[in-house]
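Okay, structure first, notes after.
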Amino acid sequence: MNIPQIQINQTQAKIGMESPRGQQQIAQPQAVLDLTQTPSKMSITTTKGWLTIDQTEAWASMDIKPISRRIREWVAEGNQEVLKGMQRVSAEGDELMKIENGGDPIKSIAKRNYEGPPPSFNIGFIPPPFSVKMNYRPGTTDIQFTEGGVENNTRAQKPRISYTPQEVKIHMQQLNSISFSVVNQEI
């Protein structure tokens with residue numbers, strides 16, 4: 001026996017999705033570089049050193065003298081000899097004045113004037129030590145320095161960003177449905 005049956009057909013709904021990709025573009029322009037530098041300044045001032053060497057006494061010890069010095073020495077030596085001579089003549093006059101006291105003053109005066117003092121010898125160094133005089137005044141150095149600088153007026157550029165977001169498009173690709181039918185309707 002055939003029993004009628006109900007047949008149910010069902011189709012499910014289908015969703016369709018489209019998703020085009022998003023796009024992002026970034027462009028970075030170069031920065032505008034603006035540097036200004038002021039140079040450093042340096043000045044150096046120097047004074048020369050000064051060296052004096054006086055060899056006058058060293059040359060004089062070797063009997064190499066300027067004529068002006070020789071004249072001064074001769075004048076001083078002449079004055080001394082005149083004074084010594086005056087003293088000697090005065091002393092001899094006093095001896096002769098006292099001739100009555102006895103003795104032989106003329107003979108003793110003649111003997112003294114004839115012999116003279118014995119010659120003297122001594123060891124000497126020519127030129128003598130420390131006869132060359134040196135004087136030194138050192139020079140000076142003055143350094144002035146002014147520091148320069150850098151002025152930085154650099155400007156950064158903002159990046160250019162272009163962005164297209166990703167989209168999702170949803171649509172019904174197939175609608176859902178249900179259908180009923182009777183099978184074996186004959187009894």
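Under the condition of being in contact with a Pro (Cβ under 8 Å, 6 or more places away or on another chain) and of a type outside the set (S, T, N, Q), which residue from segment 1-28 is farthest from Pro165 (Cα to Cα)?
Ala27
Please list, ordered by first then second residue, the pairs with beta carbon atoms under 7 Å, 6 or more apart or interchain, first in segment 34-53 and farther than 10 Å from Gly149 by Cα, second assigned to a loop (DSSP other than H, G, I, E, B).
From residues that are farther than 10 Å from Gly149 by Cα, the pairs are Asp34/Asn153; Asp34/Thr154; Thr46/Gly139; Thr47/Gly139; Lys48/Gly139; Gly49/Pro138; Gly49/Gly139; Ile53/Val132.
For segment 167-187, which residues satisfy the criterion of being out of contact with any strand residue (DSSP E or B) (no Cβ under 7 Å at 6 or more places or on another chain) and surrounded by 10 or more Cβ atoms within 10 Å (Cβ to Cβ)?
Glu167
For Lys84, indicate whether it is more than 30 Å from Gly149 (Cα to Cα), surrounded by fewer than 10 Cβ atoms within 10 Å (Cβ to Cβ) and out of contact with any strand residue (DSSP E or B) (no Cβ under 9 Å at 6 or more places or on another chain).
no
Quick check on segment 121-165: of everything there that is under 30 Å from Gly22 (Cβ atoms) and either surrounded by 10 or more Cβ atoms within 10 Å (Cβ to Cβ) or hydroxyl-bearing (Ser, Thr, Tyr) (or both), which residue is nearest to the chain's Cα centre (by Cα)?
By that ranking, first place goes to Ala156.
Among Glu95, Glu115, Glu77, which is the only one that is of a type outside the set (Lys, Arg) and surrounded by fewer than 10 Cβ atoms within 10 Å (Cβ to Cβ)?
Working: Glu95 fails: surrounded by fewer than 10 Cβ atoms within 10 Å (Cβ to Cβ); Glu77 fails: surrounded by fewer than 10 Cβ atoms within 10 Å (Cβ to Cβ).
Checking each option against the conditions leaves just Glu115.
Answer yes if at least one residue in segment 17-25 is in contact (Cβ under 8 Å) with a residue 60 or more places away in the chain, hydrophobic (A, V, I, L, M, F, W, C) and under 30 Å from Ile170 (Cβ atoms), and no otherwise.
Checked against the condition, which is being in contact (Cβ under 8 Å) with a residue 60 or more places away in the chain, hydrophobic (A, V, I, L, M, F, W, C) and under 30 Å from Ile170 (Cβ atoms), segment 17-25 yields at least one hit.
So how many residues does segment 137-176 have that are assigned to a strand (DSSP E or B) and over 23 Å from Lys41 (Cβ atoms)?
Selection size over segment 137-176: 13.
Just so you know, all these numbers are worked out from the coordinates, no wet-lab data involved. All of these numbers come straight from a predicted model, not from anything done at the bench. As a convention, Cβ positions derive from the backbone with ideal geometry for all residues, glycine included, and neighbour counts pool all protein chains shown.
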